[in-house]
Every structure is written in C-alpha cells, then in structure tokens.
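No value in this document is a laboratory result; all are computed from the given coordinates. All figures in this text were calculated on a predicted structure; none of them were measured in a lab. Methodologically, a virtual Cβ is constructed for each residue, glycine included, from the backbone with ideal geometry; neighbour enumeration extends over all protein chains shown.
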Amino acid sequence: MKHLLSIDDLATDEIHQIFETAADMHDVQRREVKKLPALRGRTVVNMFFEDSTRTRSSFEIAGKWLSADVINVSAKGSSTSKGESLRDTVLTVCAMGVDGLVIRHPASGAALQVSEWVDAAVVNAGDGMHEHPTQALLDAYTLQRRLGSLEGRHVAIIGDLTHSRVFRSNIQCLTRLGARVTVVAPPTLMPSGVGAWSAAAGFETSYDIDEVLPEADAVMMLRVQRERMSGAFFPSAREYTVGYGLTRNRLALLKPDVPICHPGPMNRGLEIAADAADAAQSVVLEQVSSGLAIRMAVLYHLLAGETRGETA
Amino acid sequence: MPAPDDSPAGTSPDPPSERPDRTVLDARDISRALTRISHELLERNKGATDLVLLGLHTRGVPLARRIAEKITAVEGAPVAVGELDVTMYRDDLRSQPTRRAHKTALPSGGIDEKIVVLVDDVLFSGRTIRAALDALADLGRPSAVRLAVLVDRGHRELPIRADHVGKNLPSALAERVSVRLSEVDGVDEVSIS
C-alpha cells in the first residue's frame with residue numbers, strides 16, 4: 001500500500017494488520033513517554049482545506065508520537081487564499097521533501113488527484129462527499145474492541161447519508177469485516193441510486209429508525225451536514241429529530257450496552273440527544289483515542305518501510 | 001506490508017530445503033542451560049526480589065517465561081515477567097518492508113527501580129539489544145539492565161555483551177543459527193547450518 005485513498009485500497013488482511021498495529025499503538029497512549037522513534041527523519045504535512053478538530057489534531061499527534069516532523073497547512077492563512085491552485089500548493093509543499101501528505105479537501109476525488117501529482121504517500125483525510133478511510137477504520141476498530149468481532153454483527157448507520165463520506169467508507173469497511181449493515185435516513189437524505197448500490201455492496205436500507213434500533217448490535221449516528229446542504233432536505237430541525245434523531249425515548253429501544261458511535265462533531269439535540277451522547281454505552285470519546293491509534297498505525301504502515309520513490 | 005517476522009540474527013526456521021544442519025542443543029540441553037541461567041540470575045541478584053524478566057519477541061518471550069518458572073520453582077515466589085517489542089526502535093526499519101509490531105507488556109509493577117533482565121534467543125550483531133535498551137529508556141528507569149541469551153554466536157557490531165549465556169556458539173557469518181522452541185515451533189532445538 002503506497003497511499004490510503006479509499007478503504008478499497010486495503011485488502012482485508014491489511015485492515016486486520018492495521019488493527020493489530022493500532023492495538024500496540026493504543027498502549028503508547030498510556031505511557032509516560034509517548035514517543036516511538038519509528039518515523040524519525042520523516043516529514044508529514046497535514047493539508048486541510050476544510051475545517052477539522054479531531055482529524056487534524058489526531059494526525060498531528062500521531063505523526064509526532066512516531067517522531068516524524070509534522071507541519072500543518074490550512075486553506076486559511078496559506079497561499080490558497082491568494083488564489084494558488086491545489087496543484088501548485090501541493091507541488092510547492094512536496095518540493096520541500098515531504099514523505100507523507102495528509103489531505104482533506106471539499107472536492108470529492110481530491111486525494112486521488114493529488115496522489116497522481118506527487119511522490120509522497122497520500123492519506124485521504126476526507127474528500128468532499130466521497131471517502132474518509134481512517135474514520136471508517138477507527139469506527140470498525142472501536143466496535144471490534146467493544147463487540148469482540150464484527151462478523152455477523154448488525155450495525156445501524158443513521159443520519160445524513162447523502163453528504164456523508166464517513167458512511168461511504170464505513171459501508172465498505174464494515175461489510176468487508178463481515179458485519180451486517182442497515183442504513184437509515186429520511187428519503188431526502190438517502191443517496192440517489194442507493195437501491196442498486198445496496199444490492200451490489202450487500203447492505204440494507206430503511207426509513208424507519210424505530211424498527212431498526214431494537215435489532216442493532218451497534219449504532220452509528222451521522223452528523224447532519226448543514227454546510228453541504230444547498231436546499232431544504234427536511235422542514236425543520238425539530239422534525240428531523242422527531243423522525244430520525246437518537247432521542248432519550250429511542251435510547252430505551254436499544255438492547256443493553258449497544259455501543260453508540262458518532263464521528264463528531266455532534267449536533268447535540270439534532271441527530272443525537274445529550275442523553276445518548278453522554279450515555280454509558282456511548283463510545284464517542286473512545287473513538288477519538290482509537291482514531292489516534294489507527295492514524296499512528298496507518299502512518300507507520302505507509303512510511304516506516306523501505307525508502308519509497310522508485311515504484312511510484 | 002509487513003514481512004514475516006524474521007530477526008536479523010537469523011533465528012527463524014528456514015524454508016524446508018535440504019539443509020545439512022547440525023543440532024547443537026537438544027531439548028534437554030536447552031532445559032539445562034536455562035536452569036543454569038536461572039541459578040546464575042538468582043545468585044547474582046541474591047534472590048528474586050526486584051527482578052523483572054523481559055522477553056524479546058518472538059522467541060525471547062517463551063524463554064523468559066521458562067526462566068521465570070524455574071526461578072519460581074527454586075525460590076517459591078513468583079517473579080515478574082513481561083514482553084518487549086523493539087520493532088519501532090530498530091535501525092533497519094527503512095531498509096526492509098514494513099515489519100509487524102508485537103505487543104509490549106510490562107508486569108504491573110513496572111520497571112522503575114527494578115533489575116530488568118532482557119531475555120533473547122540469539123545474540124548476534126547486538127542491534128536488537130541496542131533497540132531494546134532504547135525502548136526500555138522510554139518505558140522507565142530500571143536500576144540495572146542485564147542480558148541473558150540462549151546462544152551467543154559472536155559477530156557483534158556494537159559494544160554489547162551478554163551477562164548470562166546458555167551456550168557460546170562460534171559460527172561463521174554465512175552460517176545460520178536456528179532456535180526452535182516448542183511454544184512457537186513445536187520442538188526444542190538449536191541447530192546450525
């Protein structure tokens with residue numbers, strides 16, 4: 001694996017290898033000296049053309065704990081705001097001798113495009129509405145730690161599917177690991193063409209959250225992405241909550257101890273009530289610490305081995 | 001992606017080919033060597049207090065456990081055992097396909113102010129031990145670190161020596177020393193080919 005652009009880039013045993021490495025990395029978080037020398041002398045650039053708290057900071061910490069030199073470039077405050085093209089910005093940064101490029105961009109396919117321009121290993125940290133592979137890995141890893149194995153377990157993914165790259169990566173990752181997935185959304189936020197896609201990829205769709213919740217072994221709530229919405233997808237926030245939010249009443253529908261995930265940032269009171277977000281079975285913060293371990297594992301697998309370049 | 005877990009000391013079993021190997025230690029020799037090392041450790045340390053045995057992956061781990069059992073049998077009290085993975089600290093990470101990391105597990109008492117005994121199967125270039133010393137420094141501050149190996153085959157590339165050696169095995173660089181242990185390989189044997 002030279003880049004991580006999509007879950008599709010990974011063989012199933014590579015996913016398991018990343019999980020095993022992540023388990024070792026998890027231990028590092030509890031150490032007094034949170035530092036491993038594996039990526040000494042390597043440089044990783046975080047290029048974020050979209051806002052982010054957890055993804056960017058966890059990639060930054062992951063790189064630093066592996067002893068790589070990490071710098072952050074964001075759209076605001078870089079030459080992008082002066083009108084420089086993505087290609088020029090990327091080539092400029094890579095001309096400084098960068099080994100790894102972590103990129104988030106509002107355009108779907110941006111990471112793939114960038115990987116064709118540069119020699120560095122590219123990690124897709126979210127491209128538009130396309131994919132967010134490290135999020136899917138960390139979600140699956142978190143659930144696997146909670147549930148033991150995902151084989152045959154039923155995961156419900158609920159929320160704004162149309163705009164969700166997290167959902168697109170998760171579908172691939174979870175089904176690959178043997179989970180049964182049901183996706184739930186209001187008709188307006190169900191991606192077009194989902195019928196043929198779900199048949200091909202092997203997941204189920206539903207418009208009725210109350211029917212799905214009692215059967216689920218894990219629940220993944222997705223954020224309503226207002227910044228990507230150009231039109232009205234639902235009449236009001238209140239109506240969304242009533243129809244598709246994980247409210248206190250719906251919490252009671254779940255089997256006991258069913259883990260509740262949310263990739264963050266949460267719209268409390270919209271797609272997830274505070275009672276659910278702060279419930280004992282909520283794994284939201286566990287997802288954050290798993291995310292760090294997964295990103296360390298991904299950077300390790302991409303950057304620690306043989307000097308790259310010739311095979312590019 | 002990660003290569004099979006071969007250590008540069010050349011300790012993993014070769015693929016099945018015609019190999020004129022010579023068995024240097026059989027199961028009983030290995031057991032006797034470990035018994036002697038256990039007694040040496042106890043004698044030098046004047047007992048098992050503050051002793052922590054850390055096995056280096058892969059075959060140092062079962063060796064450390066065996067030594068711990070022998071010490072327990074003599075002293076009557078359990079001795080702390082752990083495992084140490086040095087993958088992230090190797091100096092040859094760059095020149096190889098990505099290696100798989102293993103688990104590092106320290107005993108609950110930690111290693112601060114303890115006498116840590118690193119246990120490995122073969123001492124060769126000394127580079128694994130160098131990596132292990134760096135790894136230890138990130139995990140705590142032992143009051144002393146000692147090294148016990150089943151086989152010392154020479155050819156050091158660093159100023160490192162073992163405190164306790166099961167067998168000194170002068171070897172040519174081109175030769176291959178293979179340690180097989182029942183926990184990993186189903187049989188106890190040291191051979192040279």
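Some observations on this one:
- Label-to-label distance, nm, for residues given as residue B:69 and residue A:14 (7 Å Cα→Cβ offset): 4.1
- Net charge of the neighbourhood of residue B:141, taken over other residues with C-beta under 11 Å away and scored Lys/Arg +1, Asp/Glu -1, is -3.
- Test item: Cα-centred dipole of the protein assembly as shown, Lys/Arg +1 and Asp/Glu -1 on Cβ, debye: 920
- Label sites at residue B:133 and residue B:182, each approximated as a point 7 angstrom past Cα along Cα to Cβ, lie 3.5 nm apart.
- The modelled label-to-label distance for the pair residue A:53/residue B:157, using points 7 Å beyond Cα in the direction of Cβ, is 4.7 nm.
- Working value for region A:134-281: equivalent-ellipsoid semi-axes of 21, 19, 14 Å, each the square root of 5 times a Cα gyration tensor eigenvalue, largest first.
- Charge dipole (debye, nearest 20) of region A:116-209; +1 at Cβ of Lys and Arg, -1 at Cβ of Asp and Glu: 360
- When region A:134-281 is described by a simple charge dipole with +1 on each Lys and Arg Cβ and -1 on each Asp and Glu Cβ, the residue from A:262, A:213, A:243 located farthest towards its positive end is A:262.
- The three principal axes of the Cα atoms in region B:22-192 give end-to-end lengths of 42, 37, 30 Å, sorted in falling order.
- Convex hull volume of the Cα atoms of region A:10-169, normalised per residue: 134 Å³.
- In this structure, the amide hydrogen of residue A:47, modeled 1.01 Å from its nitrogen in the peptide plane, lies closer than 5 angstrom to those of A:73, A:102, A:103, A:104, counting only residues at least 5 positions away or on a different chain.
- Every helix of 4 or more DSSP H residues in chain A counts as -39500 (n - 2.57), and over all residues that averages to -11500 deg cm²/dmol at 222 nm.
- The residues neighbouring residue A:13, those whose beta-carbon lies less than 14 Å from its own, together hold a net charge of -1 under the Lys/Arg +1, Asp/Glu -1 convention.
- Taken about its Cα centre, region B:22-192 carries a charge dipole of roughly 280 debye when the Cβ of each Lys and Arg holds +1 and the Cβ of each Asp and Glu holds -1.
- Sum of side-chain charges, residue A:191 neighbourhood, beta-carbon under 15 Å (Lys, Arg +1; Asp, Glu -1): 0
- When only alpha carbons of chain A are considered, Rg and Dmax amount to 19.3, 58 Å.
- Listed residues B:36, B:153, B:44, most fluctuating in chain B (Gaussian network, C-alpha, under 10 Å): B:44
- GNM flexibility winner over chain A from A:27, A:99, A:119 (Cα, springs under 10 Å): A:27
- Applying 1/(1 + (r/R0)^6) with R0 = 51 Å to the Cβ-Cβ distance of residue A:117 and residue B:113 gives a FRET efficiency near 0.45.
- Selection from A:95, A:63, A:78 lying farthest towards where the dipole of region A:1-124 points positive, charges on Cβ: A:78
- The Cα center of region B:124-167 and the Cα center of region B:108-123 differ in position by 10 Å.
- Within the listed set B:160, B:67, B:37, the Gaussian network model of chain B (springs between alpha-carbon atoms below 10 Å) gives the highest mean-square fluctuation for B:160.
- Modelled FRET efficiency - R0 35 Å, residue B:105 with residue B:172, Cβ distances, 0.05 increments: 0.45
- Shown for A:173, A:94: other C-beta atoms within 10 Å of each C-beta, ranked fewest to most, produce the order A:94, A:173.
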